[in-house]
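What follows is a short report on a single structure.
Bear in mind that the values in this text are calculations on the coordinates, not laboratory data. Values in this document were obtained by computation on a predicted structure and should not be read as measured data. Ideal geometry is used to build each Cβ from the backbone, glycine not excepted, and the neighbour counts take in all protein chains shown.
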Amino acid sequence: MAILTKTPPSASVLLLIDLQRAIDHPSWGVRNNPQAEVNVCRLLAHWRARGWPVWHVRHDSTEPGSHYRPGQPGHDFKPETAPLPGEPVIAKRTNSAFIGTDLEQRFREGGHPALVVVGVITNNSVEATVRMAGNLGISTWLAADGCFTFGRTDWNGVFRNADEVHALSLANVDGEYCAVTTTEALLCP
């Protein structure tokens, strides 16, 4: 991947991943980045004011007990980041927004210069999507403060808090699959 600057080209696609009510269910545990939705809203306002493309990814889980399953209250978009009329919604059933969807085709046919990714969960759907975008040769930026995750127990049985999981996930993708940046950097002219 070519080295990317901390700011993407104008008119890049803002891709919001899985920002649905399901992510607020207490069963997830303690999250990091409590201001993530505020930052996403700032980016949404910036993109919408310029008429740049905003695309929403919705997880349509096939797991019977999932809060992300269609028909469950958690399947709905979070109100503050919900799509406006005309903004595409890309339904996915796996962790990557590219698997089983028209995301790559939509991106390439539209001639878009890059992706800017926000959403949840950093070490799951966000990381999987960013990795695939990088592997497909799509210039991609990831707003570190526009996504969040939860604590997890590692394979040795050691609990890693949400900040640790988030930081390691960002380290996994930065420079190889994307450029990790901040909301402030993305809002700079």
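What the table shows:
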quantity	calculated
Residues satisfying the stated conditions in the stretch 89-108, i.e. outside any strand (DSSP E or B) and either surrounded by fewer than 16 Cβ atoms within 10 Å (Cβ to Cβ) or among the basic types (Lys, Arg) (or both)	ARG93, THR94, ILE99, GLY100, ASP102, GLU104, GLN105, ARG106, ARG108
Of the criteria (1) outside any loop (DSSP other than H, G, I, E, B); (2) over 22 Å from CYS178 (Cα atoms); (3) touching a Lys or Arg at 6+ places or on another chain (Cβ under 7 Å), which one ALA49 fails	(3)
Long-range neighbours under 7 Å by Cβ, at least six apart or interchain, first residue in contact (Cβ under 8 Å) with a residue 40 or more places away in the chain and crowded, with 19+ Cβ neighbours inside 10 Å within the stretch 42-67, second β-branched (Val, Ile, Thr) and in a helix (DSSP H, G or I)	LEU43/THR183
Filtered residues of the stretch 142-155 (kept if outside any loop (DSSP other than H, G, I, E, B), surrounded by 15 or more Cβ atoms within 10 Å (Cβ to Cβ) and either in contact with an Asp or Glu (Cβ under 7 Å, 6 or more places away or on another chain) or of a type outside the set (A, V, I, L, M, F, W, C) (or both))	ASP145, GLY146, ARG152
Breaking point among (1) under 16 Å from the mean Cα position of the chain (by Cα); (2) within 17 Å of HIS56 (Cβ to Cβ); (3) surrounded by 14 or more Cβ atoms within 10 Å (Cβ to Cβ), for SER139	(2)
Test: residue in the stretch 114-121 that is among the small types (Gly, Ala, Ser) and within 17 Å of TRP47 (Cα to Cα)	yes
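A quick yes/no check of all residues on (1) over 16 Å from LEU115 (Cβ atoms); (2) in a helix (DSSP H, G or I); (3) without any contact (Cβ under 8 Å) to a residue 40 or more places away in the chain; (4) under 15 Å from the mean Cα position of the chain (by Cα):
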residue	(1), (2), (3), (4)
GLY157	yes, no, yes, no
VAL165	yes, yes, no, no
SER169	yes, yes, no, yes
GLU176	no, no, no, no
VAL180	no, no, yes, yes
GLU184	yes, yes, yes, no
